[in-house]
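> Got a structure for you, questions after.
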Amino acid sequence: MNQVINLEKDKIMADISKCADGLCPSKEYCYRYTAPNGMWQSFHNFNREDDADNCDMFCTNGKCKYCDQINGVHKMSCATQKIEIRL
Ligand SMILES: [Zn+2]
């Protein structure tokens with residue numbers, strides 16, 4: 001399971017361009033924005049609509065947008081956690 005996830009990540013990392021949209025509401029949660037500088041040399045403007053939470057090219061960096069935890073871990077107070085408990 002972990003191996004599959006890692007392979008997908010490698011594939012994504014190999015061919016993405018960094019995002020330069022500093023106004024994007026999802027920038028802290030998007031790998032295109034938060035990836036370390038120097039990994040890619042190209043920056044793109046992904047044409048996010050002004051009122052959109054993110055663009056079509058949004059690529060999660062694993063950080064939860066509700067509780068700021070990473071790698072699938074959530075705080076007890078996280079909205080995602082509450083949904084999972086109900087299910
Ligand atoms: Zn969370």
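Readers should treat all values here as calculations from the given coordinates under stated rules, not as data from a laboratory. Since the structure is predicted, the reported quantities are computational estimates derived from the model, not experimental observations. When we count neighbours, we look across all protein chains shown, and the Cβ atoms used for this are built from the backbone with ideal geometry, even at glycine.
> R0 = 25 Å: FRET efficiency of residue 67 with residue 37, Cβ-based, nearest 0.05?
Details: r = 26 Å, r/R0 = 1.05.
So, using R0 = 25 Å, E works out to roughly 0.40.
> Which order do the peptides 17-28, 63-74 take when ranked by the mean count of other beta-carbon atoms within 10 Å per residue, highest first? Kindly include the intermediate steps, with their values, before the conclusion.
Working: 17-28: 16.1, 63-74: 14.0.
In decreasing order of mean packing, 17-28, 63-74 become 17-28, 63-74.
> Sort 57, 76 by Cβ crowding within 10 Å, fewest neighbours at the top.
In increasing order of surrounding Cβ atoms, one gets 76, 57.
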